[in-house]
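Data block below; observations after.
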Amino acid sequence: MQTLPEYMSAMVLTGHGGLEKLEYRENVPVPQPAADEVLIKVGAAALNNTDINTRIGWYSRAVTGQTAEGALDGCTTAQAEDATWAGQPLQFPRIQGADCCGEVIAVGAQVSTERLGQRVLVRPMHPQTALADPFCFVTWGSECDGGFAQYARVRADQAFSIDSALSDIELASFPCAYSTAENMLARADVKAGDRVLVTGASGGVGSAAVQLVRRRGASVVAVCGRAKRTEVQALGAEVVFSREDDLLQELGAESIDVVIDLVAGDRWSVLLDLLCRGGRYAVAGAIAGPLVELDVRTLYLKDLSFFGCTWQPPEVFENLIRYIEAGEIEPLVVQSWPLSQLRDAQQRFLSKDFVGKLVVVP
């Protein structure tokens, strides 16, 4: 094992609120791996919507607006008691960062030393294997410290060896967004011949979904900002509409087999009109707002299936590793920054003027 320093640099979240809650510190103790853990020297870590949503307290049920509201200064109505994925108070200080590519440099007493030197991707969602409930999990970089640091510890079985010619920066763009997208497709049983509508198709999860739908042999109808239509179409979308377009008029009622939704908001009900009878709707985000109007008659008279997608079974991340190693999906990295400039990176993230992922390097 390498000789480890006593302290490291990390971006620390000190509480719910604005960008000022992110503090770059150079005196954070290097974590020590527990018996079943490995210590990773972080090569790169990517940004995700959940980083901002957690920081501003958007997951609190008291918040009803778009994710962009309060993204710089925090959500004024947020309640700390339920402002996390798990609906429980977050423990501060916290090192965020659900995405991580790095190298195993130390192992716990129960972990084979053969893992030393392995290049790994960290699975963002860790099952609590000691519990019978499969929906009990810990989100890396939320309920426990993550990758916005020089070093990070993680359960050994959640650090997956990766054999790829891609750079650390490129590999770090995959774990959270692509596993979220792949899980949505798996839950909705997307298969060859399906026509799939992807909302928010220019974002990290949306652009991943476009690629992964095409990988399954299904066709993609994408929705994104008008300025990004050409880039999204280049990812494999059959046709791309802007958010302002009248989708019902353009596509026709009951013309879509599956909706992969990351947006929700006030136009949500149109998505159900677009679904064919027996259609499937999967959701893992609500950037345009979490509260929608549902006519329950549409749900049951059309025999629709709804899938809320957070928990991921183990095979989702295992398949993702396989896709990467086989070169079946491509990284979409737009820009990288030093970790110390994470605030600047989040401001670029919030501009939504790009297609793909942003990454920081310790």
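The values are calculated or read from the model by the stated rules, or taken from the named source; none is laboratory data. Small disclaimer: the values here were computed from a predicted structure and weren't measured. Virtual Cβ from ideal backbone geometry, glycine too; neighbours counted across all protein chains shown.
Sort out which residues of region 112-138 are among the hydrophobic types (A, V, I, L, M, F, W, C), at pLDDT 90 or above and crowded, with 22+ Cβ neighbours inside 10 Å, and write them in order of number. Give the derivation first.
Our first condition is that a residue be among the hydrophobic types (A, V, I, L, M, F, W, C); within region 112-138, this holds for 116, 120-122, 125, 130-132, 135-138.
Remaining after also requiring at pLDDT 90 or above: 116, 120-122.
Correct list: VAL120, LEU121, VAL122.
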First in region 200-217 and in the same structural domain as LEU247 (by TED's automatic domain parsing), second anywhere and basic (Lys, Arg), Cβ under 7 Å, 6 or more apart: SER202/LYS228; GLY204/LYS357; ARG216/LYS191
Going through region 181-207 one residue at a time, which ones are crowded, with 24+ Cβ neighbours inside 10 Å and out of contact with any strand residue (DSSP E or B) (no Cβ under 9 Å at 6 or more places or on another chain)? GLU182
Is there any pair with a first residue in region 51-79 that is at positive phi and a second that is assigned to a loop (DSSP other than H, G, I, E, B) and of a type outside the set (Gly, Ala, Ser) whose Cβ atoms are under 7 Å apart and which are 6 or more apart or on different chains, and what are they? GLY57/HIS16; GLY57/VAL63; GLY57/CYS75; GLY70/THR76; GLY74/HIS16
Give the residues of region 22-50 that are more than 20 Å from ASP99 (Cα to Cα) and in contact with a Gly (Cβ under 6 Å, 6 or more places away or on another chain), sorted by residue number. ALA34, ALA35, ASP36
Residue count for region 178-208, restricted to those that are part of a helix (DSSP H, G or I) and more than 12 Å from VAL232 (Cα to Cα): 11
Test: GLY327 is assigned to a loop (DSSP other than H, G, I, E, B) and in contact with a Gly (Cβ under 9 Å, 6 or more places away or on another chain): no
Residue check for ALA109: at pLDDT 95 or above, over 21 Å from the mean Cα position of the chain (by Cα) and surrounded by fewer than 24 Cβ atoms within 10 Å (Cβ to Cβ): yes
On the given criteria, is LEU320 more than 27 Å from GLU69 (Cα to Cα) and surrounded by 20 or more Cβ atoms within 10 Å (Cβ to Cβ)? yes
Only one of (1) of a type in the set (A, V, I, L, M); (2) farther than 21 Å from GLY278 by Cα; (3) in contact with a helix residue (DSSP H, G or I) (Cβ under 8 Å, 6 or more places away or on another chain) fails for ALA172. Which number is that? (3)
Of the conditions (1) surrounded by fewer than 13 Cβ atoms within 10 Å (Cβ to Cβ); (2) not assigned by TED's automatic domain parsing to the domain that holds TYR59, SER351 fails just one. Which one is it? (2)
Are any of the residues in region 302-313 out of contact with any strand residue (DSSP E or B) (no Cβ under 8 Å at 6 or more places or on another chain), modelled with pLDDT of 95 or more, outside the structural domain of GLU23 (by TED's automatic domain parsing) and not polar (S, T, N, Q)? no
Residue ranges of strands (runs of 3 or more DSSP E) in region 58-169 with at least 1 members aromatic (Phe, Trp, Tyr): 137-139, 151-155, 159-161
